[in-house]
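The values are calculated or read from the model by the stated rules, or taken from the named source; none is laboratory data. None of these values were measured; they are calculated from a predicted model. FYI the Cβ positions are ideal-geometry reconstructions off the backbone, even for glycines, and counts take in every protein chain you see. Ligands, DNA and RNA are stripped out before the accessible areas are found, and what is left, the full protein with its side chains, is counted by its heavy atoms. Shrake-Rupley method; radii C 1.70, N 1.55, O 1.52, S 1.80 Å.
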Amino acid sequence: MTRRWAIWLLPLVLALHNLEEGAFFPQYVPRVLARLPPGLRNWIGPVSLREMGVALALATVIPLGFCLWAAARPGSRTALWLVLAMWATLLLNVVWHVAAALVLFGGYAPGVATALGVNLPLSVLVLRRAATEQWLSRRARRALVPAAVAFHLPGALGVMLLGRTLSGSG
């Protein structure tokens, strides 16, 4: 696994994962919303297919921008760090999907198949290679963990809100 592979695999993996989520979203969103506390459910409001589609597109295109930057500027530590932060976020996302599958749905949750079959092995491979070959400093690698946490939940809420705005629903 080279840096170049790590950079260009990311948008493909995200697109595949987000396609799985998008394909199963319509039948699962009512179940997710029904399990939220009433205050949070009222704050979020209804989620349309169009909003979710825009949000999933943004969740694919924004990291693609990081990849384009990293490819255009191979010496940029910041661009490479953002790409690796996305890989770390995908790894955290595996935990999210497994928990959702087990706790919320008692089986399958949208995205769990690609999370376990694609995101988990490739994220581990990329992040281990980055650590072994020291693509980033130890300090920068440690910063990937809080970045993954920040990108995962607040980032997901951010793209959902942006998706709502861009889709004309908000």
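A compact table of results
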read-out: Base-10 log of normalised Debye intensity for the range 112-170 (one unit scatterer per alpha-carbon) at q = 0.13, 0.16, 0.20, 0.29 Å⁻¹; value: -0.53, -0.71, -0.88, -1.07
read-out: Per residue accessible area in Å² of the range 118-170, where ligands, DNA and RNA are left out and the probe is 1.4 Å; value: 60 Å²
read-out: Gain in span if fully extended, Ala57 to Leu33, counting 0.36 nm per residue against the direct Cα distance; value: 6.5 nm
read-out: Ratio Rg/Rh [Cα only; Rh per Kirkwood] for the chain; value: 0.99
read-out: Computed magnitude of the charge dipole of the chain (debye, nearest 20; Cβ of K, R +1, Cβ of D, E -1); value: 560 debye
read-out: Per-residue ³J(HN,Hα) for the range 150-164, Karplus 6.51 cos²θ - 1.76 cosθ + 1.60, θ = phi - 60°, Hz, x for Gly and Pro; value: 5, 6, 6, 7, x, x, 5, 5, x, 6, 5, 5, 5, x, 5
read-out: Karplus 3J(HN,Hα) series, Hz, for the range 111-124 with 6.51 cos²θ - 1.76 cosθ + 1.60 (x for Gly, Pro); value: x, 5, 5, 6, 4, 7, x, 10, 4, 4, x, 6, 5, 4
read-out: Calculated from backbone phi, Karplus (6.51, -1.76, 1.60) coupling profile of the range 73-86 in Hz, x at Gly/Pro; value: 10, x, x, 6, 5, 5, 5, 5, 4, 5, 4, 5, 5, 5
read-out: The chain, accessible surface, carbon-and-sulfur percent (1.4 angstrom probe); value: 70 percent
read-out: Cα→Cβ-extended label distance, 7 Å offset, between Val145 and Thr2, nm; value: 3.2 nm
read-out: Long-range amide H partners of Tyr108 with built H, under 5 Å; value: none
read-out: Heavy-atom accessible area per residue - the range 26-100, 1.4 Å, Å²; value: 53 Å²
